[in-house]
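Read-outs: derived from the displayed coordinates by stated rules, not from any lab. Just so we're clear, the structure is a prediction, and the values are computed from it rather than from any experiment. Reconstructed Cβ throughout: ideal geometry from the backbone, glycine too, with neighbour counts over all protein chains shown.
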Amino acid sequence: MGAGRLVRIVVSAALLTIIGTRPEAIKMVPVLLALEKHPGFESRLCLTGQHPGLRESVLAPFGIIPDIELACRRTDEALTTLTSVLVQQIGAVIAEHKADRILVQGDTQSAVAGAMAGYLHRIPVAHVEAGLRTGNLSAPWPEEGNRRAIGIFADLHFAPTQVAHDNLLREGIEAERIHVTGNTVIDMVRLAERKLRPAGRGLGLAETAEQFGARRVLVTCHRRENWGPVLEGLCGAVAELAADGAFHFDFVAHPNPDLRARINRLLGGGSGIDIHDPLPYLEFLELADGADLLISDSGGLQEEAAALGKRVLVIRSETERPEGVEAGNSAIVGTDPAAIVAAVRHSAELSPLTRSDETPFGDGRAADRIVACLRGEHFH
Ligand code: UDP
């Protein structure tokens, strides 16, 4: 960096957005909708295919239709194969479509491949949800490394929070290139609310625990490092708590069929436990909103918990989202089954949190800020 160096940020007109997985789709819907409102942009959406079914489960309810659909589906465990196929295929799309800016979100293989392909084609890259760090390259793996690498390729960094902004600044990125926008997932929760309410559904309308007869707990577990003994321990904790009758569990499985089979084997048929297939976004959010407590290793759910005014027990030993912990929405409980059981029981003694429009992750207006930046308008 160095004082006096001129920072030039190219104002874009033809954008190519790369989306590979569920969280990227969820968090980019508000940005894609905000881009549609501005006729100055030619905006194209490319789905890489890393996660199947995003068109129906996330995009269609918001009227978003992808322009390009690749088939970079992961068929084996080799991330190197997936990543190299992604770079190659996204590179071909960039060459064909003459974008003047690439937009990527988050920390997946599609995001890092999109950023690298953009860089190698000398097309500027903007990174949505930039600057999250645990400081530990092994957790989350490979996401921590992916996110750092994207930080190197990108010339515009949309940091969801001041903490993320400061992380980027510490890594030597020029302040002019970093914009604190809020996290677009908060925008998405608010968009979902506006969709569900007129249909008389969900979000604030769910049965209370008293009506339901037990405290409802929503569980998800999908991180690669948690697939083995951690999942087993978590299922043991869930079975123990469900046996009390005081808690009802909705365990929402991940699209990975091995993981689903393992959850079925460990918990299937247990009373007080429903195992669900992965749910379309709006249904999942309704279920989360109806829950008294969330247990998860997901990143996005920590942010959504803040938007919904819920508590989430994070089954990890660290988080790149410390803002939720500080605000009292997230508690890092680790992966020890006894600690999980104790934390769930303890949660029943706490008074419910209140829901607020302002969250530590944003205020629901991140997408407009991002689009304003892409239009060359500056704000801080
Ligand atoms: N989600 C969903 N359907 C489900 C489970 C989760 O739409 O059945 C959403 C959830 O609301 C959150 C996102 O998927 O926004 C989380 O994705 P995931 O857990 O795959 O990844 P992470 O958040 O850890 O990146």
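Details
- Ranked for footprinting exposure by Cβ neighbours inside 10 Å, fewest first, K310, K98, K27 give K98, K310, K27.
- The antiparallel fraction among DSSP beta bridges confined to the chain stands at about 0%.
- Calculated log₁₀ intensity ratio I(q)/I(0) where the Debye formula runs over C-alpha points of segment 333-380, q = 0.23 Å⁻¹: -0.88
- 23 Å Cα-Cα reach of K195 towards lysines, excluding residues that sit fewer than 8 places from it in its own chain: K27, K37, K310
- About the Cα centre, charge dipole magnitude for the chain (Lys/Arg +1, Asp/Glu -1 at Cβ), debye: 720
- Among T134, T354, T21: highest mean-square fluctuation, GNM of the chain, C-alpha pairs under 10 Å: T354
- Top positive-direction residue, dipole computed over segment 268-380 with Cβ charges, set N329, G270, F284: N329
- For segment 227-256 and segment 46-71, distance of Cα centres in Å: 30
- Computed with the Debye formula from one identical point scatterer per Cα of the chain, without solvent, the log10 of I(q)/I(0) at q = 0.06, 0.08 Å⁻¹ comes to -0.22, -0.39.
- Cα gyration tensor, segment 294-380 - rounded (a/c under 1.5), prolate or oblate: prolate
- Using θ = phi - 60° and Karplus 6.51 cos²θ - 1.76 cosθ + 1.60, couplings along segment 168-183 (whole Hz; Gly, Pro as x): 5, 4, 4, 7, x, 7, 5, 4, 5, 8, 10, 10, 7, 10, x, 8
- Cα-based shape type of segment 77-130, given that a ≥ b ≥ c are square roots of the gyration tensor eigenvalues and the cut on a/c is 1.5: oblate
- The chain - mean residue ellipticity at 222 nm from DSSP helices (-39,500 (n - 2.57) per run, n ≥ 4, rounded to 500): -12500 deg cm²/dmol
- Dipole size of segment 276-321 about its Cα centre, with +1 on Lys/Arg Cβ and -1 on Asp/Glu Cβ: approximately 200 debye, rounded to the nearest 20.
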